[in-house]
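Nothing in this text is a laboratory measurement; each read-out follows from the coordinates by a stated rule. All of these numbers come straight from a predicted model, not from anything done at the bench. Here Cβ is always computed from backbone atoms with ideal geometry, including for glycine, and neighbour counts include all displayed protein chains.
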Amino acid sequence: MKNKGEVVFLAAIFLGSLYFLIETFSFQVPGIGGRLGPGFWPQMILIALLILSGTLIAGHFLRRLPEAKGQKKSGPANYKYLLALALMIGYFLSLPVLGFILTTPIFMAVFMVLLGEKLWGWIIGVSLGLTVIVVILFTKAMYVPLPRGKGIFLHFSQLFY
Amino acid sequence: MDIWLGAIQMIMTPTTLFFIAAGVFLGVVLGSVPGLNSTMGTALLIPFTFVMEPINGLALLAAVYCGGTYGGSISAILFNVPGAPEASATVFDGYEMAKKGLAAEALGFAIICSCLGGLFSVLVMNLVSPQLARVGLSFSQPEYFALAIAALTLIASLGGGGMTKAFISGLIGLFLATIGLDEMTATQRFTFGKTFIGGINFIPAIIGAFAVGEILARTQDAQGAVEVLLTKVSTKLPRIRELIKMKWLILRSAVIGTAIGILPGVGATTAAFIGYSEAVRWSKTPEKFGTGIPEGIAGPETANNAASGGAMVPLLTLGIPGSATTAVIIGGFLVHGLQPGPMLFINQPKLMFAIFIAMYLANILMLFAGLGVAKLFANFRKVRYSILGPCIMVFAVVGAFAIRNDLTDCWIMLFCGLTGFYMKKYRIPIAPMIIGLVLGSLTEVSFRKGMTMADYELTAFFLRPIGGTILAFAILSIAYNIYRNMIAKKPIELDQ
């Protein structure tokens, strides 16, 4: 089978739908919200998802479609995408601990290097500059709070916003 | 006539004109930055309006509202990140046009159509406000359900040859909309404890599916990451001939937007999606939507700005806000001791007409403010993606976080980004998922409430004049799409 990735993706949708469909049977609240309880609507959607994703999976096995045009071949670039994803996850995990003002320039700088940027002046300037602009625009001008971090990092963030 | 002259006199002072211009500019800027929006802007400005003359304060708030609705389209077109929820549907074709090197044209269509939509709605508001408000209030759950279904039929049109995939995408969106507390029974649904108790806000989902998905795709594609976008971008206004070609599309979207804006609680975002949906439905080449065509911008942009004027109708005539921002604008009236509603037209007619004039002016000034702000933002497209990508990512994170000051929204954004990335990779269209997510709650709640009202008789939905007509129209539309794509086997490419 050439479209392995697509089948895996559709199978994930199928299995996810099945899991959530089972979950809906714990929603029933008799006497509240009329005869169509809280589970009715999600059940309709999930059953339709099961049928459609199942049909597509079956179609893949039966017809053995040629590889889709849009698919990329695996290689060094795929590795970069996974690194970018890991970097984003790391950024989101560190935001509540270290705060926005500390993590953002580091995240930006690393991401720029990952994307192939070589000019360090740009890397440092844009990382710091954008962080300062965002902090001023959101916290000072519009009173929108940004993550401040915890402990010593919280005190550090409080120096700025 | 005396009232009109008095109203013009009230507006045509340097101070009032300055506040209108400043309001429009501020609105466009706020709208164009993800995470900031005109609702926030008007809320922050209300305390300042307290010390102003009522007309200055109210004109300022109305101008911010008009500008903010348009502003979101700038970042939607240039960076695939809608600056405001109202611009979510503009992403579908706006960014695709920008990728083709037609960003200037896309910005031009967005600004002109926003202006035309806004002017149309103010004209309607000006002429038939009280009558329209009464019609709007006669809408009940079956009509809301019919409207939502009519918009959802767009999914069938977007699918092209891969209609099954489009329906899967739409159903994923509808499912995501069910996460959180059930609106009718307050039952927790798929909340994983308390994690998703607030539900899935569609803004982080849109930012994720489009912006983060795009960043991940460009990171994977080593060439894309280091590509230098040398195209000089400036706003290129469309020619009169091009606009005349789209006259029915623009008029239809303006009518739809104004009508949706009048309905309490629906708003400009839904109007934009329905505007887009109808643009696709009536097009002779629906398969081209989503590939970067001006009609895909004209539909939602006309409708969302028309909705902003429409939302002022129930506010001014009945004192009922038609959207979140108009709910905030009520505060602007109250700080001056004014109670919006029918009595205001009797007690303060000049002020009411002056607000209409201020909104006409705001929509015209939006052209100039939009040109300036778009030019400023367009400069960023000339930056290498290795620098621009991380900048977009930071704005995406802040934009998602700012909605509820909750990092859960950032995780939702990342999840949707990853989903969007894989959907794009496996040629599953993303737009239906977003449409499903935006309209999911409205569809479910109006259906369940409507069924309760009709004593669980589904036929009752078809027996109401307005709702029944819209539903019949929607069903015919789906049937036509299925016929065209499955029976007629018309070859259509799914370019996502």
Partner shielding of A:85-94, as the mean number of partner chain Cβ atoms within 10 Å, equals 4
Taking a straight Cα-to-Cα line shorter than 18 Å from A:Lys4, and setting aside same-chain aspartates and glutamates fewer than 8 residues away, one finds A:Glu67
With +1 at each Lys and Arg Cβ and -1 at each Asp and Glu Cβ, the charge dipole magnitude of the protein assembly as shown around its Cα centre, to the nearest 20 debye, comes out at 1600 debye
Violations at 26 Å Cα threshold for listed pairs B:Lys99/B:Lys165; A:Lys80/B:Lys382; A:Lys80/A:Lys150 -> A:Lys80/A:Lys150
Counted neighbours (other Cβ, 10 Å), sorted fewest up, put B:Ile206, B:Ile293 in the order B:Ile293, B:Ile206
With the dipole of the protein assembly as shown defined by +1 on each Lys or Arg Cβ and -1 on each Asp or Glu Cβ, the option from B:Met125, B:Phe401, B:Gly198 whose Cα lies farthest towards the positive pole is B:Phe401
Note: B:Lys284 to B:Thr459 extended length (0.36 nm per residue) minus current alpha-carbon separation gives 59.8 nm
Pseudo-spin-label distance B:Val335 to B:Ile482, built 7 Å along Cα→Cβ, given in nm, is 5.4 nm
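Could you please rank B:Ile364, A:Ile133, placing first whichever residue has the fewest other Cβ atoms within 10 Å of its Cβ?
Numbers: B:Ile364 15, A:Ile133 12.
Ranked by crowding around the Cβ, least crowded first: A:Ile133, B:Ile364.
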Expected sort for B:332-339, B:305-312 on mean C-beta neighbours within 10 Å, highest first, is B:305-312, B:332-339
Across B:418-430, the residue-averaged tally of Cβ atoms belonging to other chains within 10 Å stands at 3
Contour minus Cα-Cα span, B:Thr452 to B:Asp406, at 0.36 nm per residue, comes to 13.0 nm
So A:Leu119 and A:Ile136, fully extended at 0.36 nm per residue minus their Cα-Cα distance, gain in nm 3.5 nm
Given B:324-331, B:76-83, B:459-466, the highest-first ranking by average Cβ count within 10 Å works out to B:76-83, B:324-331, B:459-466
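Could you list B:Arg281, A:Arg63, A:Arg35 so that the one with the fewest beta carbons within 10 Å of its beta carbon is first and the one with the most is last?
Values: B:Arg281 21, A:Arg63 8, A:Arg35 11.
In increasing order of surrounding Cβ atoms, one gets A:Arg63, A:Arg35, B:Arg281.
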Helix-only [θ] at 222 nm, chain B, -39500 (n - 2.57) per DSSP H run of 4+, per residue, nearest 500, equals -23000 deg cm²/dmol
If R0 = 51 Å, then B:Leu181 and A:Thr55, at their Cβ-Cβ distance, give a FRET efficiency to the nearest 0.05 of 0.95
From the Cα centre of the range B:93-146 to that of the range B:294-362, the distance in Å is 14 Å
Magnitude of the Cβ-charge dipole (Lys and Arg +1, Asp and Glu -1) of chain A about the Cα centre, nearest 20 debye, reported as 380 debye
So for R0 = 22 Å, FRET eff. of B:Val128-B:Asn347 from the Cβ-Cβ r, to 0.05, ends up at 0.60
The relative contact order of chain A, taking Cα pairs under 8 Å that sit 6 or more residues apart, comes to a percentage of 21 percent
Expressed as a whole number, the average count of other chain Cβ atoms within 10 Å around the Cβ atoms of A:104-111 is 3
So, with points 7 Å from each Cα along the Cβ direction, the A:Ile22-A:Ile47 label distance in nm works out to 1.9 nm
